[in-house]
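These notes concern the structure reproduced below.
Read-outs throughout are calculated quantities, based only on the coordinates presented, and are distinct from any laboratory measurement. Please read these numbers as outputs of a predicted model, since none were measured by experiment. Counting neighbours? That spans all protein chains shown, and the Cβs are built from the backbone with ideal geometry, glycine included.
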Amino acid sequence: MQEILSIATNLAVIVISYLFGCICFAYYLTFIVHKKDIRIIGSGNPGSSNIGRHFGISWFISVLLLDALKGFTVVIFVNYLDVDLWAKSVSMLAVIIGHIWPVQLSFRGGKGLATIMGVALGFDPVIVLCCCVVAGLCYLLFNRNNAGLMVSVCFGPIFVWKLGYSIEEIITFIAMAVLVIFAHRSNILSFLRSNFKVFQ
């Protein structure tokens, strides 16, 4: 009976993490304040970059922080409940999946970059610090924020490994990086085409 209860608790935490990730702040704030659907404005992406381009830097910062807070809150939540390692790992993935593919918005959400940074911050702030250094160096080389952030996401699992975390946690960060890179695939292809002729 105790084992069944534990499994049920773990599954409930995962579902809650996904649903929490589904809260699309860019969509709801734009709809409530501006009476508009961010999904038909600009790039159509309900994320901080798109809302910032059309409504200003304060909107960009607000949505960025709120999206990061989702990931951070989930990690704090699962740590507080002291769930099994596998449930913690899946919950961290679930909040990002919820952000990218929210069920209530026909699975059309943001791209997960801020949320994965929030997850990493809750997991270990040193990882975020190291990723920021990598992103800064890449920005100096390419003069593109997105390129630096994508590279830093790829380095995340390496930092998790170097900090001595378990193989399960390393794999979790690899999976999270793959999700975010997949969500940014069009941006990455555009960058490669504009900087490397071989991809044209």
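Summing Cβ point charges (Lys, Arg +1; Asp, Glu -1) relative to the Cα centre of the chain gives a dipole of roughly 1040 debye.
The structure shown yields Rg and Dmax of the Cα atoms in Å, and of the options [x] 17.3, 61; [y] 18.4, 61; [z] 16.9, 57 that calculated value carries the label [x]. Look at the alpha carbon pairs under 8 Å that are at least 6 residues apart: their mean separation over the length of the stretch 82-145 gives a relative contact order of 17 percent. Seen from all directions on average, the stretch 1-102 presents a Cα convex hull projection of 6.7 nm². Straight Cα distances below 24 angstrom link Lys88 to the lysines Lys70, Lys111, Lys162, with same-chain residues fewer than 8 positions distant left out.
Computed over the alpha carbons of the stretch 88-141, Rg followed by Dmax gives 13.4, 40 Å. Mean separation of Cα pairs under 8 Å and 6 or more residues apart, divided by the residue count, gives the chain a relative contact order of 19 percent.
For the stretch 1-120, the residue among Val33, Ile4, Leu105 whose Cα projects farthest onto the positive side of the dipole built from Cβ charges is Val33. Computed on the stretch 1-95, with alpha-carbon pairs under 8 angstrom and 6+ residues apart, the relative contact order is 35 percent.
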